[in-house]
Amino acid sequence: MASDTGDVTQLLKAMKTGDPSAAERLLPLVYAELHRLASSYMRRERQDHTLQATALINEAYLRLAREDVDWQNREHFIGVAAHVMRRVLVDHARAHKAEMRGGGLKRVELEEGLAISEERSEEVLALDEALNRLTELNPRQARVVELRYFGGLSVEQIANVLSIAPRSVKRDWALARIWLFKELRVNPDQEDPRGD
């Protein structure tokens, strides 16, 4: 694993310098972690979601390979991947919501399963909007939530990604959860963000 971590860092640096084969060689080394992230995201989605973990990984990886980021290490890459996966799901929810409001070719009556789908899309969008508001107030807390809740990173991993002490991560996590709970409490149907 240690040499694996070094390989990942070297490939990330090669991607930054424009090596076209680096992204292809990187994927097998980080796929398991990306799959864990994608599975974590998809567990929070509705049962009939049209994206699956593999599709989420593929879309996120394509976006990551095009990102102009000064990659630091494996944890930094996974942290950015968590953010990109969130963006993919939010974009998907927005597209789904637009379709439900008449973006499709014909209007159909809602069935029970479709009603659940729209509700989950609304939850994803509400959480995204709340995180965007939190980013305006406290960007680091918002990043901690994204990495912990969506990315599934440990306190120590987050501390490494953000270059802060684990104690600061714990404090930010606790304060952000309280803020999000209050923010999302306006709509009692929203998922409780306090859980680990």
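The values are calculated or read from the model by the stated rules, or taken from the named source; none is laboratory data. Since this is a predicted model, take the numbers as computed values, not measurements. Glycine gets a Cβ as well: all are built from the backbone with ideal geometry, and neighbour counts include every protein chain shown.
Among the candidates Arg101, Arg43, Arg120, Arg86, which residue alone is within 16 Å of the chain's Cα centre (by Cα) and modelled with pLDDT under 70?
On the way: Arg101 fails: within 16 Å of the chain's Cα centre (by Cα); Arg43 fails: modelled with pLDDT under 70; Arg86 fails: modelled with pLDDT under 70.
Answer to the check: Arg120.
Table: residues versus (1) closer than 21 Å to Ser39 by Cα; (2) hydroxyl-bearing (Ser, Thr, Tyr); (3) modelled with pLDDT of 95 or more.
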site: Asp128; (1), (2), (3): yes, no, no
site: Leu131; (1), (2), (3): yes, no, no
site: Thr135; (1), (2), (3): no, yes, no
site: Val144; (1), (2), (3): yes, no, no
site: Phe150; (1), (2), (3): yes, no, no
site: Val155; (1), (2), (3): yes, no, no
site: Leu162; (1), (2), (3): no, no, no
site: Ala174; (1), (2), (3): no, no, no
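Looking at segment 63-90, which of its residues are in a helix (DSSP H, G or I), in contact (Cβ under 8 Å) with a residue 40 or more places away in the chain and not aliphatic (A, V, I, L, M)?
Arg74, Glu75, His76, Phe77, Gly79, His83, Arg86
Restricting the search to segment 127-171, which residues are surrounded by fewer than 22 Cβ atoms within 10 Å (Cβ to Cβ) and either of a type in the set (Asp, Glu) or not in a helix (DSSP H, G or I) (or both)?
Asp128, Glu129, Glu136, Asn138, Glu146, Gly152, Ser154, Glu156, Ser163, Ile164, Ala165
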